[in-house]
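Just below is one structure, and these are the notes that go with it.
Quick note: the coordinates plus some simple rules give every number you see, no bench work behind them. Remember, predicted model here, so these are calculated numbers, not experimental data. Methodologically, a virtual Cβ is constructed for each residue, glycine included, from the backbone with ideal geometry; neighbour enumeration extends over all protein chains shown.
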Amino acid sequence: MTESMVGPAAGVGAGAGVRGGPGVAELRALVAAAGAAPSLHNAQPWRFRPTGDGPGVLVFADPARAVPLADPDGRGMLLSVGAALFNLRVAAAQLGLPVEELDLMPGPLGVVGPDEPVAVVRFGPRGVPYELAELAEEIGRRHSSREPFANRDVPEAVIGELVAAAADEDTVLDVLEEAGARRVLALTAEAEARIAGDAARRAETGSWLRTEAAQDGIPERAIGPQDHEARVPVRDFAGHGPAHTQRFEALPQVATIATRGDTAADWLRAGQAMERVWLVATARGLRISVLHQAVELPDTRWRLRDPEGGIGTVQVVLRVGYGPPGAATPRRDVDDLLRDPAGER
Ligand SMILES: Cc1cc2nc3c(=O)[nH]c(=O)nc-3n(C[C@H](O)[C@H](O)[C@H](O)COP(=O)(O)O)c2cc1C
């Protein structure tokens, strides 16, 4: 990697890059933050490249890291990339790099390929750190927590903050009342049972389980127990079934994130919202785990829609509460995330 990859001007230092844009060290910091995002099965299906025509970053999905059976249309992949994009924006805020332009799906409609960016981030003139920077510390603290949570309600004021975080990303977060939570948990349980009953899907999930050091996938230590009472349909990554159970919270607190439309750009939006909500929640001492099973099957996804006529398509289901922080999971090297896919062919 050379300085000239950061932008057209050569000879800039490791700090400020072309026209005040990111230098090499800063680009690496942006990409490291992005790479810490949550992703479906920790596949980390993303790549990054500096824009060639001014300070900025091109964000790519990496179809080589798709999870085809769980995610045939790439929804989960773009949710994951959206989460990475949000982290990149937080890191940019910390560096005082204002996002002047953020283009989602700028290429030909619906194309997600190794050479077609799914987002373009352009930075304006460097200034001082700005608002989103306050979430920077949470990026490394955020983990999926699949453990039982305490029977303790999330205060209304915190719920308000989570709703606002989602709204800032043009999505709608709904923290469900008891009946709504039970309905969504039942749909998730139904989807989980169907997924668990599908040998090919079970094999695909199992292929992301890691028992030794790796840079991706889900280490065994990050997998929690199954719910003894079967109230929380946690994904059965290891195929343990009910062998390893504990008592979970009596009434799980469930939040959904919905988008108005259901396009690839909406999936990126929902991913950014998920990560923004997750980082704000982390700052407030909350834990989160994703319950994605019902989103993965078209009919249960349809039935996740708010029966009272709420907007759009539910893209994300989160279990929210107070409990253990969850284990850190591995990440790919920044060099790997910055490698030019075209150079590999
Ligand atoms: C689109 C998407 C779907 C996910 N689905 C689930 C799920 O159904 N169950 C689960 O426990 N975790 C799920 N996760 C969480 C990932 O497994 C997790 O982010 C990844 O393993 C990295 O771990 P971390 O969140 O602790 O950094 C999902 C994450 C994303 C972005």
Does G271 count as farther than 26 Å from E178 by Cβ and not acidic (D, E)? yes
Are any residues in segment 51-84 buried (at least 24 other Cβ atoms within 10 Å of the Cβ) and under 18 Å from L30 (Cα atoms), and if so, which ones? P55, G56, V57, V59, A61, S80, V81, G82, A83, A84
Test result for P38, more than 21 Å from R331 (Cα to Cα), within 15 Å of the ligand (Cβ to nearest atom) and not basic (K, R): no
Considering only residues of segment 269-303 that are touching an Asp or Glu at 6+ places or on another chain (Cβ under 8 Å) and of a type in the set (V, I, T), which is farthest from the ligand (Cβ to nearest atom)? V280
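Yes/no matrix, rows are residues, columns are (1) buried (at least 20 other Cβ atoms within 10 Å of the Cβ); (2) out of contact with any helix residue (DSSP H, G or I) (no Cβ under 9 Å at 6 or more places or on another chain); (3) farther than 20 Å from Q246 by Cα; (4) of a type in the set (A, V, I, L, M):
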position: L162; (1), (2), (3), (4): yes, no, yes, yes
position: A165; (1), (2), (3), (4): yes, no, yes, yes
position: D170; (1), (2), (3), (4): no, no, yes, no
position: G197; (1), (2), (3), (4): no, yes, yes, no
position: T205; (1), (2), (3), (4): yes, no, yes, no
position: A213; (1), (2), (3), (4): no, yes, yes, yes
position: E220; (1), (2), (3), (4): no, yes, no, no
Taking segment 66-99 and keeping only residues that are part of a helix (DSSP H, G or I), within 11 Å of the ligand (Cβ to nearest atom) and of a type outside the set (S, T, N, Q), one is left with R75, G76, M77, L78, L79, V81, G82, A83, A84
Would you pick out the residues in segment 91-145 that are closer than 30 Å to Q226 by Cα and among the aliphatic types (A, V, I, L, M)? I139
